[in-house]
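The values are calculated or read from the model by the stated rules, or taken from the named source; none is laboratory data. Treat the numbers as computed from the prediction; the structure is a model and nothing was measured. Neighbour counts run over all protein chains shown; Cβ positions are idealised from the backbone, glycine included. Remember, those area values only see protein heavy atoms, side chains included, never the ligands or the DNA or RNA. Shrake-Rupley method; radii C 1.70, N 1.55, O 1.52, S 1.80 Å.
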Amino acid sequence: MLRSVVLSTGAYLPARVMTNAEFEKTLDTSDDWIEGRTGITQRHIAARDELTSDLATKAGKQAIESAGVPADSIDLVILATTTPDETMPATAVKIQQQLGITRGAAFDLNAACSGFVYAMAVANNFIISGQVKRALVIGAETYSRILDWNDRGTCILFGDGAAALLLERQEQKGTNDDRGVLFAGIHSDGQYASLLGTQGGVSSTRTAGTVFMAGKEIFRHAVARMPDAVEEAMSATGLPLSAIDWLAPHQANQRILDGVAQKLHISPDKVISTVAGHANTSAASIPLALHVASHDGRLKRGQLVACPALGAGLTWGCTVVRW
Ligand code: ACO
């Protein structure tokens, strides 16, 4: 059976670190409030001349170098992002060029904070159908460009960053002991589009718009739908929830991570959390968490990791990978 196996990861965070305390100078908020409600203590912010493509290229380059494969052997580059460099061409094409890839295909995918699980589902389908041998899945965002810095309810939540997974088609036995993607489920329901989005956009206002959010409702959907997505994914594989070695959910805020783990009866020490240092990096948050955990030695080869996400749309889903 063909599987999409993770060969390597890469990540990049902009140099500038913005602490919660910096918000106290311009907004009626505090480090205590932000950390207490979200678990976030700091976020990285891209430099003025640093684009989503720059962050993504650095993450992609690290993944390619760490796998030790030629860049030109990559058949597919998918960039999950809500913050492309320009409206066109797709930012993925710039990344492809900056990585020295002159063949195959590259495109952007927008599923907001669920972008990574969507991109994994698409890449996995290209791989298991036999059409693609190697796919680079990147989540990269510069949310700092679409935040309303006067809205204390949203601007404190997000950060910039990028991370990449290099996937390779490999023949495996066809059992749950196989390495690679065991299930990649995605969902959407546009009736909830008004809960989270940007005020404005290319076709509506000729601008990129700024983020708005109905925080409480999003919270409620996140702690209900992410556990559902994990249960759906695990039952599709036939494995029990107890087979999960690591839960690496979309890193929106610590209270959401705690709520998801609690619903699934997964102990907090099995949850990978990077939200304190990165804040919510939208499509980049899950691959960043996977990169961190695989590099610090927690996430080991052969372990099972479940990655649920929920984002604007609403979109949601879960990728289950044996590392
Ligand atoms: N500092 C101080 N006070 C604040 C701040 C702030 N940064 N933001 C809001 N408040 C105030 C509000 O104005 C409100 O004041 P009021 O009672 O006088 O009206 C009070 O705090 C409570 O506001 P709520 O919005 O009810 O606060 P809540 O406890 O719901 O926490 C939060 C807000 C943290 C945004 C929460 O709703 C949440 O975590 N939502 C999940 C959304 C999320 O993480 N989204 C990320 C994008 S979507 C995704 O990734 C899944």
Taking the Cα centre of each part, how many Å lie between segment 4-41 and segment 224-298?
-> 18
About the Cα centre of the chain, how large is the charge dipole given +1 on each Lys and Arg Cβ and -1 on each Asp and Glu Cβ? Please answer in debye to the nearest 20.
-> 560
Gyration tensor (alpha-carbon) shape descriptor, segment 2-171, a/c threshold 1.5 = prolate
Which shape class, rounded, prolate or oblate, goes with segment 245-323 when its Cα gyration tensor gives a ≥ b ≥ c as root eigenvalues, a/c under 1.5 marks rounded, and past that a/b bigger than b/c marks prolate?
-> rounded
Can you give the helix-only mean residue ellipticity at 222 nm for the chain, where every DSSP H stretch with n ≥ 4 adds -39500 (n - 2.57) and the sum goes over all residues, rounded to the nearest 500 deg cm²/dmol?
-> -9000 deg cm²/dmol
Using a 1.4 angstrom probe and counting only protein chains, how large is the accessible area of His278 in Å², to 10?
-> 20
With a/c under 1.5 counting as rounded, go ahead and sort segment 279-323 into rounded, prolate or oblate using the C-alpha gyration tensor (a ≥ b ≥ c being the square roots of the eigenvalues; past the cut-off, prolate if a/b is larger than b/c, else oblate).
-> oblate
Charge dipole magnitude, Cβ of K and R +1, D and E -1 - segment 2-171, Cα centre, debye nearest 20 | 580
Cα centre as origin, Lys/Arg/Asp/Glu Cβ charges: segment 143-301 dipole, Debye | 200
Cα-based radius of gyration of segment 180-322 once divided by 2.2 N^0.38 Å, which approximates compact folds | 1.07
Sorting Val17, Val77, Thr38 by the position of each Cα along the dipole of segment 16-142 (Lys, Arg +1; Asp, Glu -1; all at Cβ), the one nearest the positive end of that ordering is Val77
Between Phe183 and residues 5 or more places away or on another chain, which pairs have amide H atoms under 5 Å apart, with H built 1.01 Å from N, and which residues are they?
-> Val320
Tell me, what is the percent relative contact order of the chain, built from C-alpha pairs under 8 Å that lie six or more residues apart?
-> 25
Please report, as a whole percent, how much of the solvent-accessible surface of the chain comes from carbon and sulfur atoms (probe radius 1.4 Å).
-> 51
Result for segment 125-220: accessible area per residue, probe 1.4 angstrom, in square angstrom, of 48
From the phi of every residue in segment 250-260, what ³J(HN,Hα) in whole Hz does the Karplus formula 6.51 cos²θ - 1.76 cosθ + 1.60 yield, where θ is phi - 60° and glycine or proline is x?
-> 3, 8, 7, 6, 4, 5, 5, 4, 5, x, 5
How big is the convex hull of the Cα atoms of the chain, per residue, in Å³?
-> 123
Over segment 94-206, calculate the relative contact order: mean separation of alpha carbon pairs under 8 Å at least 6 apart, over the residue count, as a percent.
-> 23
